[in-house]
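The values are calculated or read from the model by the stated rules, or taken from the named source; none is laboratory data. What you see is a predicted model; the values in this text were computed from it and never measured. Cβ placement follows ideal geometry from the backbone for every residue including glycine, while neighbour counts extend to all protein chains displayed.
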Amino acid sequence: MKVAVYYSNDDVRIEERPVPRIKDGEILVRMMACGICGTDLMQWYRTQKAPRVLGHEMAGEIVETGSGVKGFRQGDRVFVSHHVPCYRCHYCIAGNYTACESLHTGNYDPGGFSEYIRVPEENVDFGTFILPAEMSYEDAAMIEPLACVVSAQKELGLKKGQTVLVIGSGISGLLHLQMAKLKGASVVATDISPYRLGKALAFGADRVFKAEEYSADRLKALNNGTLAERVIVCAGAKQALDHGISSVDRRGKILFFAVSESDLTIPSVRFWRDEIGIGFSYGASPEDIREAIRLIQNGMVDVRRMVTHRVPLSDILSGFKLASRGGESLKVIVVPDSTAESGQAGRDMYPESESPVDMEKALSLFDNDKEFFREMCRKFLDSVPQQVDKLSAAAMTGNAELVELYAHGIKGAASNLQAMKTCSLARCIEDRGRDGQITDVPLLIEDLRLELARLEHFVRTMK
Ligand SMILES: [Zn+2]
Ligand SMILES: [Zn+2]
């Protein structure tokens, strides 16, 4: 079988290994989706144990069960937790599952970035969960990251009406943001990337700041003169830590969710006088995992729009590069080579039943001239994505007039190409507008990008 062996962030090698043999009480799982985690990219941490097969956000299908396995059978779709508590030690007995030594040291074999994974008996007993029928493997790959957020927020004691500052709007920041909104908090989010700030708005942030423009004073200015009651640091950079430390209100709490390589320096006198609580969080308990499954299943937390890219196992290195660059990506999911439609993911990109263009209608408009139609589509695809980028930039600067202008330009281009009236591009703009005003720009941009990608795929595969 193929496994991806991590040496460093730009050296991940595909190697051949025998499929693991399972013993009594164990199961063998075929990996169907495994997320690349921010911690997989912490080179200073990961190279300590390299070379190694990483991957701990894994969902798959059971292909073999050892004798004595109860409750699971071949063909079951499962999420498997790599870390499980023993339920016997004094930490476990006290309910502190993430402090359990077994949880810290156990793992499945060889890791999630592998075609097949042997699941040890304790992970079968305490860490294997059958997926609800409607949950996709990609959604299930988001169970572990969400469970860690659920676990961390339990300790944070977030309450309705509080102001939460989320520093860093990558996957963990966006999950924290959604959970905080669910609890009725008001959320201010920061990031260095305009793309991620757009995502933070789309996922419900009340206010966003570019990191370089953020300061505790600006937070105060929009928060009735007070700092944030809860601060969640989801980035490891020095500036992120500084912003976090300077932004906690009296008797507030700061959670360092992301870990930084260097030791933290806390202004102890201020933290003493202001009675500020400091928290850290590691991993998740089986209870948190169950909660995460429920949240995804009920649509309380939207994980699907967080998956922006998928890469086949054999091309995992490009996934690592993509994820470590940050840029225009959120969650990158590794999938088996056989099922891979590499590239942009997010929602169901190319549903068979729903073509972005009504071909019959389009061809009647173009006198059945397929080549001409294709040419028109290509011209459209040459110019419109740039206009969407401009629209996105205008939205970032908050210039409503420019936003309207670009949106109408795109709509105009869509109607010029008559056939586009039969695709959903122009409709996107209409749907997001009310009385001629666009109401939700980040969502509109996302819709437009999705539709453009669908159209692009359509033109590329058009026979
Ligand atoms: Zn993770
Ligand atoms: Zn234990």
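Inside the stretch 240-265, residues that are surrounded by 14 or more Cβ atoms within 10 Å (Cβ to Cβ) and more than 27 Å from the chain's Cα centre (by Cα) make up a count of 3.
Of Lys253, Lys331, all but one fail to be basic (Lys, Arg), under 22 Å from Gly35 (Cα atoms) and not assigned by TED's automatic domain parsing to the domain that holds Gln48; the exception is Lys331. Just one of (1) in contact (Cβ under 8 Å) with a residue 24 or more places away in the chain; (2) charged (D, E, K, R); (3) away from ligand 1 (no atom under 16 Å from the Cβ) fails for Arg218. It is (1). Of the residues examined, Val119 is not one that is surrounded by 20 or more Cβ atoms within 10 Å (Cβ to Cβ) and within 16 Å of ligand 1 (Cβ to nearest atom).
Results for (1) touching a strand residue (DSSP E or B) at 6+ places or on another chain (Cβ under 8 Å); (2) within 16 Å of ligand 1 (Cβ to nearest atom), shown as yes or no for each residue.
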| residue | (1), (2) |
| --- | --- |
| Met31 | yes, yes |
| Trp44 | no, no |
| Leu54 | yes, yes |
| Gly60 | yes, no |
| Thr65 | yes, no |
| Phe72 | yes, no |
| Val84 | no, yes |
| Tyr97 | no, no |
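Among the residues of the stretch 346-366, none qualifies, meaning not one is at pLDDT 80 or above and either in a strand (DSSP E or B) or not assigned by TED's automatic domain parsing to the domain that holds Thr39 (or both). When each of Glu16, Glu57, Glu115, Glu64 is tested for being acidic (Asp, Glu), within 16 Å of Phe320 (Cβ to Cβ) and at pLDDT 95 or above, the lone residue that passes is Glu57. Where strands (runs of 3 or more DSSP E) sit wholly within the stretch 183-299, those with at least 2 residues that are of a type in the set (Val, Ile, Thr) occupy 186-191, 228-233, 248-256. The criterion of at least 1 residues that are among the basic types (Lys, Arg) and away from ligand 2 (no atom under 16 Å from the Cβ) is met by the following strands (runs of 3 or more DSSP E) wholly inside the stretch 99-182: 116-119. Determine which single condition Val78 fails, assuming it passes every other condition in (1) within 16 Å of ligand 1 (Cβ to nearest atom); (2) within 20 Å of Glu144 (Cβ to Cβ). (1) is the only condition that Val78 fails. Of all residues in the stretch 358-382, exactly one satisfies the criterion of being farther than 16 Å from His457 by Cβ and small (Gly, Ala, Ser), namely Ser364.
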